[in-house]
Amino acid sequence: MKLLSPIPQLTAPSLKETVDFYVSVLDFTCNKLDEDWKVASIHKDDVTVELVHPLAKFPFNTGEPFNAPVFTAGIYIQVDEDKGIDELWEKVKDKAEVCFPVQDFDYGMREFGIYDNNGYLVQFGQPIEITA
C-alpha cells in the first residue's frame, strides 16, 4: 500500500469568494464548483484543496455555523524551484494578510505564511542550505 498526497478539506462559507482568493492570489485552478453539493475543488501543480460549505451534503458535516477556522495547524506547501519562494512572496505579500514574512530558518527552510480569506494559515517553504 502506498499513501498519496493528503487533500485538505477546508470549511468555506462562501465557495465563490474562497475559489476567487486561491485563483487570483495563489494562481490555483478551479476543478469543480458544485453549488448543489456545496463543494469546490482547486489545484495548483501537485497540491489539491477541497472547499466545503458548512451546509454541504456530506455525512460528516455537522451543519454548525462557521465563525472562524477551527484548525490547530496550518496548511504547509513546499516550493521546489530555486528562488521560487521569493517570487511567490513578492506576488502575494500585498494581496493577503501576512502571518510572517519570508525568512530563513535554522532548520534549513526559507518560509512565509499568509491567511486566506477565511482565516486559514497557509505556509510556504523551500529547502535551503545551512551555512555554519
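In the stretch 65-74, what residues are surrounded by 10 or more Cβ atoms within 10 Å (Cβ to Cβ) and within 17 Å of the chain's Cα centre (by Cα)?
69, 71, 74
For the stretch 42-54, give me each residue that is more than 18 Å from residue 78 (Cβ to Cβ) and surrounded by fewer than 19 Cβ atoms within 10 Å (Cβ to Cβ).
Passing the criteria: 50, 54.
Please go through the stretch 116-132 and pick out each residue that is among the hydroxyl-bearing types (Ser, Thr, Tyr) and either closer than 22 Å to residue 82 by Cβ or modelled with pLDDT of 95 or more (or both).
131
Within the stretch 90-98, does at least one residue satisfy the condition of being of a type in the set (D, E, K, R), surrounded by 14 or more Cβ atoms within 10 Å (Cβ to Cβ) and more than 14 Å from residue 9 (Cα to Cα)?
no
Within the group 96, 68, 40, which residue is in contact with a His (Cβ under 9 Å, 6 or more places away or on another chain) and in contact (Cβ under 8 Å) with a residue 24 or more places away in the chain?
Checking each option against the conditions leaves just 40.
Listed here are the residues, each with its yes/no results for (1) assigned to a loop (DSSP other than H, G, I, E, B); (2) β-branched (Val, Ile, Thr); (3) surrounded by 11 or more Cβ atoms within 10 Å (Cβ to Cβ).
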{"residue": "31", "(1), (2), (3)": "no, no, yes"}
{"residue": "56", "(1), (2), (3)": "yes, no, yes"}
{"residue": "76", "(1), (2), (3)": "no, no, yes"}
{"residue": "81", "(1), (2), (3)": "yes, no, no"}
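Residues are listed down the side, and each one gets a yes or a no for (1) out of contact with any Asp or Glu (no Cβ under 9 Å at 6 or more places or on another chain); (2) in a loop (DSSP other than H, G, I, E, B); (3) closer than 30 Å to residue 14 by Cβ; (4) in contact (Cβ under 8 Å) with a residue 40 or more places away in the chain:
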site	(1), (2), (3), (4)
72	yes, yes, yes, no
85	no, no, yes, yes
111	no, no, yes, no
124	no, no, yes, yes
129	yes, yes, no, no
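Inside the stretch 9-40, can you point out the residues that are farther than 25 Å from residue 94 by Cα and in contact with a strand residue (DSSP E or B) (Cβ under 6 Å, 6 or more places away or on another chain)?
9, 31, 32, 33, 39, 40
Quick check on residue 35: is it at pLDDT below 90, loosely packed, with under 12 Cβ neighbours inside 10 Å, at negative phi and touching a helix residue (DSSP H, G or I) at 6+ places or on another chain (Cβ under 8 Å)?
yes
The values are calculated or read from the model by the stated rules, or taken from the named source; none is laboratory data. The structure displayed is predicted, hence computed values, not measured ones. Note that we place each Cβ from the backbone using ideal geometry, even for glycine, and neighbour counts take in every protein chain shown.
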